[in-house]
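Worksheet for the structure shown next.
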Amino acid sequence: MTCVNESQKLYYLKASLQGDAKLLEAVDDSFESLITELKTRFENKRLLTETHINAILEIEKLTSESARDIRSMTNILNKNFRALKLLGFERNNLSDLLLLNIFLKKINRETRKQFEQSIDSNQIPELDIYDVFRKKKPNY
């Protein structure tokens, strides 16, 4: 395994920058200071958060019950949820409930009916969406 030193990291980072980011100068010409400058200039937590939430809300409603479509939808949900977690948002009962509700509105009526029949009527299921379906419907 090859270790990359700080000057190599800086070189690769500078080589990958484009547009306005390429013109940015670091205070002491170190990798860490350039990363800090990039975050200060370009990181917009509100916009990033909005982008991930919109990606979840804009998932198209499924018209079929194919395992591939459900996996694709759960992958989008999980990817954006992980990104929100990296932005500092923690998963809790309320977020689980909201995401599960979004998920259930996106699946077709028959699949939702089967899901509802598979849980206790008073139970609020945990969010691990794909596992819920995999346990209840082995072909998923």
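Read-outs: derived from the displayed coordinates by stated rules, not from any lab. Here the structure is a predicted model, which is why all the values come from computation and not from measurement. Note that each Cβ is placed from the backbone with ideal geometry, even for glycine, and that neighbours are counted across all protein chains shown.
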Checklist entry - With axes computed from alpha carbons, what is the tilt in degrees of helix 6-16 against the longest principal axis of the chain, rounded to the nearest 10 within 0 to 90? => result 70 degrees
Item to check | GluC sites (Glu not before Pro) lying in DSSP loop within segment 1-90, provided at most 12 other Cβ fall within 10 Å | outcome: GLU25, GLU43, GLU58, GLU60, GLU90
Checklist outcome for this item: Contour minus Cα-Cα span, ILE35 to LYS22, at 0.36 nm per residue, comes to 3.5 nm
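Compute the longest continuous run of the chain that contains no exposed trypsin sites (Lys or Arg not before Pro); treat a site as exposed when its DSSP state is not H, G, I, E or B and it has at most 13 other Cβ atoms within 10 Å.
Numbers: sites that count: LYS61, ARG91.
Excluding the exposed sites themselves, the longest stretch runs over 1-60.
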Checklist entry - Out of (i) 42, 16, 14; (ii) 40, 19, 14; (iii) 44, 22, 15, which label holds the value of semi-axes √(5λ) of the Cα gyration tensor in Å that was computed here? => result (i)
Checklist entry - What net charge do the residues around ALA15 carry, taking every other residue with its C-beta under 12 Å from that of ALA15, with Lys and Arg at +1 and Asp and Glu at -1? => result +3
Item to check | Distance between modelled label sites at LYS45 and GLU65, nm, 7 Å Cα→Cβ extension | outcome: 4.4 nm
Checklist entry - So what J values fall out for segment 44-55 if you push phi through Karplus, 6.51 cos²θ - 1.76 cosθ + 1.60 with θ = phi - 60°, rounded to Hz, Gly and Pro as x? => result 10, 4, 4, 5, 4, 4, 4, 4, 6, 5, 4, 4
